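Engineer: Handing you a structure now.
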Amino acid sequence: MNRRRRQAERRNIYNVDLHRLSSYPTYNRDKRNELSKGDVIRVIIGDMDGNGMGIASYKKFRVFVKGEVYPGDRVEVRVESIKGNSVIGKLEKVEERRS
């Protein structure tokens, strides 16, 4: 530990790592964002919304797919944007068409 860091800790007596001392489990929140813009994911379309976009689920995300898709289709989607737990993607390829 360097000298300046020790001096800074001495000045602030409340400088403690509370997460390390906590009895509650801590979760790595970065794992939720393992999906990023430009990624290609495979999903099965479950439903359609009022605008004609397909709706699917991927891990903890709700995926809205632009393109000609129908419920039951297995498709590859390129992620265009992520907002909260919603993902908007563009249809790349239809792997299996179920009608």
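Engineer: Filter region 36-61 down to the residues that are among the small types (Gly, Ala, Ser) and at negative phi and list them by number.
Structural biologist: Those that are among the small types (Gly, Ala, Ser) and at negative phi: Ser36, Gly46, Gly50, Gly54, Ala56, Ser57.
Engineer: Taking only region 68-99 into account, find how many residues are farther than 13 Å from Arg42 by Cα and in contact with an Asp or Glu (Cβ under 7 Å, 6 or more places away or on another chain).
Structural biologist: 4
Engineer: Having 1 or more residues that are modelled with pLDDT of 95 or more and of a type in the set (Phe, Trp, Tyr) is the bar; report the strands (runs of 3 or more DSSP E) wholly within region 8-99 that clear it.
Structural biologist: 61-66
Engineer: Report, by residue number, each residue of region 39-61 that is under 13 Å from Ile88 (Cβ atoms) and either exposed (fewer than 13 other Cβ atoms within 10 Å of the Cβ) or without any contact (Cβ under 8 Å) to a residue 12 or more places away in the chain (or both).
Structural biologist: Of everything in region 39-61, those that are under 13 Å from Ile88 (Cβ atoms) and either exposed (fewer than 13 other Cβ atoms within 10 Å of the Cβ) or without any contact (Cβ under 8 Å) to a residue 12 or more places away in the chain (or both) turn out to be Asp49, Asn51, Ile55.
The values are calculated or read from the model by the stated rules, or taken from the named source; none is laboratory data. As the structure is a prediction and not an experimental result, all values here were calculated from the model. Counting neighbours? That spans all protein chains shown, and the Cβs are built from the backbone with ideal geometry, glycine included.
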